[in-house]
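Read the structure below first, then the notes.
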């Protein structure tokens, strides 16, 4: 097998509210747990395919609410991170992991070089090009996009509980993260919010921030939400309401240029 997606499966990238008037461009690389039909189950159990190794539960739902509330644009991947993790470059082994936390991924361990390249060509490159083109076009039109990548993380990882509830992540450009953290830690603190936790640049999670934010000189931030806090519509709405304030106030505090 060298081809991956069938015609019936459609485009791997979804863009919502492309004509938004607001500056925010929300990117959700791990929005779906759907696998391309030609990959089958990758040798994984139904339990594994429903777990956080396949997607970021709740992240897309919160991103959709923020898109509506802030009149932003949402760009998301329509297939599972197990097929290709679009927050990793093609040269990274983590882009098509043979192991994800405690789960072995047999279909990734045994794939050929041609099969891996098909995933790069049909999943990563269309996603990369769509986001890069969108922010580039916005900037060329004299607008100032603000890149926000949306993720969730498991509350227990390798058997260890995580206390952090929201991570505000950044790479070399911390402008927006700094201001959001300042807002979050002023007055009554609603959540356990930390900088570059539970992951950070050393973990290789800032690829999208670099590619679509730093490369274009745009304010950018990655938001990680502990997924037990966004399991249903009510909790997703509460989280979106809170993050709306952090983002709006954070951007308002940025210099004009």
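Values as computed for the structure displayed
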item	result
Sole exception among (1) under 22 Å from residue 165 (Cβ atoms); (2) without any contact (Cβ under 8 Å) to a residue 40 or more places away in the chain for residue 243, by number	(2)
Residue list for region 132-162, restricted to those being free of Cβ contacts under 8 Å to residues at least 60 places away in the same chain, over 21 Å from the mean Cα position of the chain (by Cα) and either assigned to a loop (DSSP other than H, G, I, E, B) or farther than 21 Å from residue 19 by Cβ (or both)	141, 142, 158, 159, 160, 161
Odd one out for residue 88 among (1) in a loop (DSSP other than H, G, I, E, B); (2) touching a strand residue (DSSP E or B) at 6+ places or on another chain (Cβ under 7 Å); (3) surrounded by 17 or more Cβ atoms within 10 Å (Cβ to Cβ)	(2)
Residues of region 38-72 classified as farther than 15 Å from residue 227 by Cβ, touching a helix residue (DSSP H, G or I) at 6+ places or on another chain (Cβ under 7 Å) and in a helix (DSSP H, G or I), total	4
Residues (under 15 Å from residue 80 (Cβ atoms) and buried (at least 22 other Cβ atoms within 10 Å of the Cβ)) located in region 6-32	12, 28, 29, 30, 31
Where residue 180 falls short, out of the listed (1) farther than 18 Å from residue 161 by Cα; (2) surrounded by fewer than 19 Cβ atoms within 10 Å (Cβ to Cβ); (3) in contact with a strand residue (DSSP E or B) (Cβ under 7 Å, 6 or more places away or on another chain)	(2)
Hits in region 119-155 (condition: in contact with a helix residue (DSSP H, G or I) (Cβ under 9 Å, 6 or more places away or on another chain) and farther than 18 Å from residue 212 by Cα)	119, 152, 153, 154, 155
Residues (surrounded by fewer than 16 Cβ atoms within 10 Å (Cβ to Cβ) and not in a helix (DSSP H, G or I)) located in region 201-252	217, 231, 232
Residue match in region 15-23 (condition: within 30 Å of residue 249 (Cβ to Cβ), in contact with a helix residue (DSSP H, G or I) (Cβ under 6 Å, 6 or more places away or on another chain), modelled with pLDDT of 95 or more and not in a loop (DSSP other than H, G, I, E, B))	no
Residues (without any contact (Cβ under 8 Å) to a residue 60 or more places away in the chain, surrounded by 15 or more Cβ atoms within 10 Å (Cβ to Cβ) and either under 24 Å from the mean Cα position of the chain (by Cα) or in a helix (DSSP H, G or I) (or both)) located in region 105-119	116
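For every residue, the table says whether it meets (1) buried (at least 20 other Cβ atoms within 10 Å of the Cβ); (2) touching a residue at least 12 places away in the same chain (Cβ under 8 Å); (3) farther than 19 Å from residue 10 by Cβ.
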site: 46; (1), (2), (3): no, no, yes
site: 53; (1), (2), (3): yes, yes, yes
site: 56; (1), (2), (3): yes, yes, yes
site: 76; (1), (2), (3): yes, yes, no
site: 93; (1), (2), (3): no, no, yes
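The values are calculated or read from the model by the stated rules, or taken from the named source; none is laboratory data. Note that the coordinates shown come from a computational prediction; the quantities given were computed from them, not determined experimentally. FYI the Cβ positions are ideal-geometry reconstructions off the backbone, even for glycines, and counts take in every protein chain you see.
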